[in-house]
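Student: Quick one: the structure is below, questions incoming.
The values are calculated or read from the model by the stated rules, or taken from the named source; none is laboratory data. All figures in this text were calculated on a predicted structure; none of them were measured in a lab. Neighbour counts are summed over all protein chains in view; Cβ atoms, including those assigned to glycine, are modelled from backbone coordinates with ideal geometry. We work out accessible area using only protein heavy atoms, side chains counted, and drop any ligands, DNA or RNA first. Shrake-Rupley method; radii C 1.70, N 1.55, O 1.52, S 1.80 Å.
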Amino acid sequence: MIWVGERTRDLDGAHLKFCRGIGNPLGVKVSDKCTPDELISIIETMNPTNVPGKLSIIVRMGADKLRTNMPALVRAVQREGKAVVWISDPCHGNTRKSDSGFKTRDFDAIRAELRAFFDVHDEMGSHPGGVHIEMTGEDVTECVGGVSGVDDNTLKTRYNTSCDPRLNGSQALELAFLIAERMRERTGLPAL
């Protein structure tokens, strides 16, 4: 999917102007800086005929800001009858520099944002449509926390990324179980 990032989604900018002419599904990342009116303008620019499945709103805010700001965005989309797919990007809003100097992400913060994403959709009667995570099946030590036990002292052990820190296989699997559990709850299936 082609997507426009949080820092390049200016309504008068070249990125939105270029992408709005593409027939394929598109995505736009939004943070807590996005207002409901701005989101509606973005949606009308990127999907003027309101084609279901055409536009994904990729939310990246951090758990606390998501709980505070996302309900107004969902409410605006519902009020205006806009067809969007809501996707959580719990990694990008939770990047920080570790005490040891590595760019990292905290697994607990990622998990908290993902839970907040599901909670908001449960409260608003909307549908969580997907999750975007940066991960690898390799046993890397780029994100701290989770069952793999990576911490600030072990980041340097297998820090292999050339760009952004990725969840390792154990951390990604832990998130997959959280997602599966929440989807089971939403459909009325018993817990795993």
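Student: When you scan the stretch 57-77, how many residues do you find that are more than 12 Å from H121 (Cα to Cα) and in a helix (DSSP H, G or I)?
Tutor: 7
Student: Please specify each residue of the stretch 106-130 satisfying the condition of being crowded, with 19+ Cβ neighbours inside 10 Å, in contact with a Leu (Cβ under 8 Å, 6 or more places away or on another chain) and not aromatic (F, W, Y).
Tutor: Selection gives I110, R111, E113, L114, A116, V120.
Student: Something else: If you go through the stretch 129-166 one residue at a time, how many are assigned to a strand (DSSP E or B) and either out of contact with any helix residue (DSSP H, G or I) (no Cβ under 7 Å at 6 or more places or on another chain) or of a type in the set (D, E) (or both)?
Tutor: Here the count works out to 3.
Student: Moving on to the next point. Among V85, V77, which is open to solvent by 20 Å² or more (accessible area, probe 1.4 Å), of a type in the set (V, I, T), more than 30 Å from T154 (Cβ to Cβ) and at pLDDT 95 or above?
Tutor: Residue meeting the stated conditions: V85.
Student: Separate question: Of the residues in the stretch 21-40, how many are under 16 Å from P90 (Cα atoms), in contact with a Leu (Cβ under 8 Å, 6 or more places away or on another chain) and either of a type in the set (V, I, T) or assigned to a loop (DSSP other than H, G, I, E, B) (or both)?
Tutor: Residues meeting the conditions: 3.
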